[in-house]
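The values are calculated or read from the model by the stated rules, or taken from the named source; none is laboratory data. If you're wondering where the values come from, they're calculated on a predicted model, not measured in any experiment. For neighbour counting, all protein chains shown are included, and Cβ atoms are generated from backbone atoms with ideal geometry for every residue, glycine included. These area figures cover heavy atoms from the full protein model, side chains too; ligands, DNA and RNA do not enter into them. Shrake-Rupley method; radii C 1.70, N 1.55, O 1.52, S 1.80 Å.
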Amino acid sequence: MSFNFYINNGVVTSIMTSLRAELFKFNHQRSALAGILILILLMVYSVLTTKVDSTQVIFEFGAVQWIPIIMIAVGSTFFAMEYQNRTILILLYKNTKRWQIYWAKLMIVWLYSLVLTVIATLLTIVLKFLLIRTPWSALISKHQTLLTLLTGNVIGTVIYALFIVTLSFMLIMLIKINVAVIGIGLALGFLGAGISVALMGAFTSLIPILRWNPLNMIFITQQLANPAYAAVSHLSFFEIIGGNLSYAAIFIILGYGLFKKRRI
Amino acid sequence: MLVVQNVNTYIGRKQIITDATFKIHPGNIIGLIGPNGAGKTTLMKTILGLTKFDGQIRLNQTTVTENQHAALINVGALIEHPAIYPFLTGQQNLALYAHDPADCQRLISKLEMTAYIHDQAKGYSLGMKQKLGIAIALLNNPQLVILDEPMNGLDVEATIGVRRLIHQYAAQGTAFLISSHILSELQKVMTQVILINHGRIIVDQPIAEFEQLHHQAYRLHTENSQLTVKFLSRHHIQYTLDGGTFQVNPKNIFEIQDILSAQHVHLKELTPISSSFEQIVVQLLHQQRGGDQHHD
Ligand SMILES: Nc1ncnc2c1ncn2[C@@H]1O[C@H](COP(=O)(O)OP(=O)(O)OP(=O)(O)O)[C@@H](O)[C@H]1O
Ligand SMILES: [Mg+2]
């Protein structure tokens, strides 16, 4: 068994080799597999403890909420471990372009979020097949079928994952302690939306500004499926997508800036 | 091959390395020596383009900066602690950087890591990790290898093995920059010594020259100590006496021979005291400390 990651020097190939090396590391980390197992367990737990209905299907038995939390944990760990193991030293001196390292890691963790989403979706389909009679074509709310609702949710989760992955990388560069970052991830996952709604409820005159607060971005996971949520988030379909992508861009810029400055 | 010219390294606002200038040629084995906190690790990181610095660092005529690492393609390094992914096997750790599986395999067997190379690195002992870190630094026949405390945690046989590897690679033209606090170990490999203190290079010499230049004393043994004392004192020659053995200054040895032979006091021994390498280093650092105080 042999791998050759650093043979080529061209820019395109070195991005590819960076990606391959990061993928190789990622696959061998325990947290990658643990994340998947935890997701499955949480979904099953949700089946066992909550009334199984169409809403559960739309939110993929809680996966829509859990995936961002798992992503923050796995993403920050994946970057923090390079510093813990001091491998960042070799990674940095062997690469001229720091952004390649950052980018490759970002891509791999984001791909992982796609994997989680696919797994959650497949499991949802299986669980629905086993537990619920409502057909996929059934109209649930406002002339939407169960299928379109689920699709909307999946797309929302994928975009929100971008927000979350870039955030987790920025946080680990800022705070450096991945347990702390995971804590923030949990708080965000469970309290973020509530805080955002409460804020906008308390300062109604400030809604035009407050609706752009980062905590509000989580509603994308629900709103794409169920446009009625626009009333809660105060953001339109395009606004909430734009908001998420803009935040992702800001997090990338800030996170990369911190990464570049970080002493080793 | 490696040219370091007027390099100043800063960590934050603090200047760590001051005006470092030296060259490393192919096949050189440079011992980098200095007290804790002198700046050895920082100097090594600087060469690897990992710190903010001014001045010039060139490797084969290609400039190295914090953002330009192209020249470092043929540099291997082990800095402070071996950089190892604990969730990968030793083999996989090597494969991440190896260009040539045969070269990789050769290093594994030379460092005698075959027995555990397919185990996850998290289960390795200190010395096993250290050997893996050295193997990573030696991969791909590098032109320059930077080793920070490479013998850390190695057993006797491993130390000998690593020493042999260093000689082999150096014979093929690989240059080494090695820091260590185990001077006796360094002495067995280095061809050149760089002594660094408070971020300044205070000595940069071939090892033979270094030892010759800094031999501080000669040991003198004569057939009659009492007479010797008398004549040395009469001629105002400084000495120390311990038992029947004198210690004298190198600059006086011809004069002493003349005096004693005129008085028919025969020499039994007059030899340069191989003040151990360690003693020389301590003396030099001590002198420099005195010098520093003068400047303040
Ligand atoms: N990250 C850092 N932040 C601030 N100061 C630092 C940092 N790293 C090193 N220094 C300072 O730089 C100086 C040189 O440190 P360096 O690690 O290069 O020493 P060294 O010669 O390798 O010492 P040792 O023999 O203990 O390994 C020390 O005074 C240290 O306090
Ligand atoms: Mg050091």
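Based on what the data block shows, is B:Lys131 within 16 Å of ligand 1 (Cβ to nearest atom), in a helix (DSSP H, G or I) and either open to solvent by 60 Å² or more (accessible area, probe 1.4 Å) or basic (Lys, Arg) (or both)?
Spelling it out, it is not the case that B:Lys131 is within 16 Å of ligand 1 (Cβ to nearest atom), in a helix (DSSP H, G or I) and either open to solvent by 60 Å² or more (accessible area, probe 1.4 Å) or basic (Lys, Arg) (or both).
So in the range B:32-71, with the set limited to residues that are more than 15 Å from B:Met1 (Cα to Cα) and in a strand (DSSP E or B), which one is nearest to the other protein chains (Cβ to nearest Cβ)?
If we take residues in the range B:32-71 being more than 15 Å from B:Met1 (Cα to Cα) and in a strand (DSSP E or B), then B:Lys52 is nearest to the other protein chains (Cβ to nearest Cβ).
Can you name every residue in the range B:118-133 that is away from ligand 2 (no atom under 16 Å from the Cβ), in contact with a strand residue (DSSP E or B) (Cβ under 7 Å, 6 or more places away or on another chain) and not charged (D, E, K, R)? Can you show your working first?
From the range B:118-133, those away from ligand 2 (no atom under 16 Å from the Cβ) are B:118-129, B:131-132; that's our starting set.
If we keep only those that are in contact with a strand residue (DSSP E or B) (Cβ under 7 Å, 6 or more places away or on another chain) as well, we get B:118-121.
Listed by number, the residues that qualify are B:His118, B:Gln120, B:Ala121.
Can you work out which of the residues in the range B:26-40 that are near ligand 1 (Cβ under 9 Å from one of its atoms) and open to solvent by less than 30 Å² (accessible area, probe 1.4 Å) is nearest to B:Ser179 (Cα to Cα)?
So in the range B:26-40, the residues near ligand 1 (Cβ under 9 Å from one of its atoms) come out as B:32, B:34-40.
Filter once more, so that each one left must be open to solvent by less than 30 Å² (accessible area, probe 1.4 Å): B:32, B:34, B:38-40.
Details: B:Leu32: 4, B:Gly34: 8, B:Ala38: 11, B:Gly39: 11, B:Lys40: 7 Å.
Of everything passing the filter in the range B:26-40, B:Leu32 is nearest to B:Ser179 (Cα to Cα).
In the range B:72-103, which residue that is within 28 Å of B:Arg13 (Cβ to Cβ) and open to solvent by 60 Å² or more (accessible area, probe 1.4 Å) is farthest from the other protein chains (Cβ to nearest Cβ)?
Among them, the one singled out is B:Glu80.
Could you tell me which of the residues B:Leu260, B:Leu270 is assigned to a helix (DSSP H, G or I) and open to solvent by less than 50 Å² (accessible area, probe 1.4 Å)?
B:Leu260
I'd like to verify a number: residues in the range B:1-31 that are at pLDDT below 95 and in a loop (DSSP other than H, G, I, E, B), how many?
3
Restricting attention to helices (runs of 4 or more DSSP H) lying wholly within the range A:35-124, give those where 1 or more residues are within 24 Å of A:Arg20 (Cα to Cα). Quick ask: steps written out before the conclusion?
Values: elements: A:54-58, A:63-84, A:88-94.
Helices (runs of 4 or more DSSP H) meeting the threshold: A:63-84, A:88-94.
Could you count how many residues in the range B:97-113 are part of a helix (DSSP H, G or I) and not polar (S, T, N, Q)?
Total satisfying the criteria: 8.
Let me confirm something: among B:Ile57, B:Ile47, which residue is crowded, with 21+ Cβ neighbours inside 10 Å and within 16 Å of ligand 2 (Cβ to nearest atom)?
Being crowded, with 21+ Cβ neighbours inside 10 Å and within 16 Å of ligand 2 (Cβ to nearest atom) holds for just one of B:Ile57, B:Ile47, which is B:Ile47.
State all residues of the range B:135-161 that are over 17 Å from B:Cys104 (Cβ atoms) and without any contact (Cβ under 8 Å) to a residue 60 or more places away in the chain; if no residue qualifies, say none.
Going residue by residue through the range B:135-161, those that are over 17 Å from B:Cys104 (Cβ atoms) are B:143-144, B:146-160.
B:Met151, B:Asn152, B:Gly153, B:Leu154, B:Asp155, B:Val156, B:Glu157, B:Ala158, B:Thr159, B:Ile160 - these are the residues of the range B:135-161 that are over 17 Å from B:Cys104 (Cβ atoms) and without any contact (Cβ under 8 Å) to a residue 60 or more places away in the chain.
Looking only at the range B:12-41, count every residue that is more than 17 Å from B:Val281 (Cβ to Cβ), within 13 Å of ligand 2 (Cβ to nearest atom) and not polar (S, T, N, Q) and tell me the total.
Here the count works out to 2.
Would you mind listing the helices (runs of 4 or more DSSP H) fully within the range A:129-208 where at least 3 residues are closer than 23 Å to A:Ile108 by Cα and among the small types (Gly, Ala, Ser)? Full working, then the answer.
Working: elements: A:146-175, A:178-187, A:193-202.
The helices (runs of 4 or more DSSP H) meeting that bar are A:146-175, A:178-187.
Say we look at the range B:145-161 and pick out the residues that are over 15 Å from the mean Cα position of the chain (by Cα) and at negative phi; which of these is nearest to ligand 1 (Cβ to nearest atom)?
B:Leu154
How about the range A:44-96: which of its residues are β-branched (Val, Ile, Thr), more than 14 Å from every other protein chain (Cβ to nearest Cβ), out of contact with any Gly (no Cβ under 8 Å at 6 or more places or on another chain) and surrounded by 19 or more Cβ atoms within 10 Å (Cβ to Cβ)?
A:Val57, A:Ile58, A:Ile67
Whether any residue in the range B:105-116 is buried (at least 20 other Cβ atoms within 10 Å of the Cβ) and over 19 Å from B:Gly161 (Cβ atoms) is what I want to check.
Within the range B:105-116, not a single residue is buried (at least 20 other Cβ atoms within 10 Å of the Cβ) and over 19 Å from B:Gly161 (Cβ atoms).
Take the residues of the range A:97-116 that are of a type in the set (Phe, Trp, Tyr) and within 14 Å of the chain's Cα centre (by Cα): which is least open to solvent (accessible area, probe 1.4 Å)?
A:Tyr112
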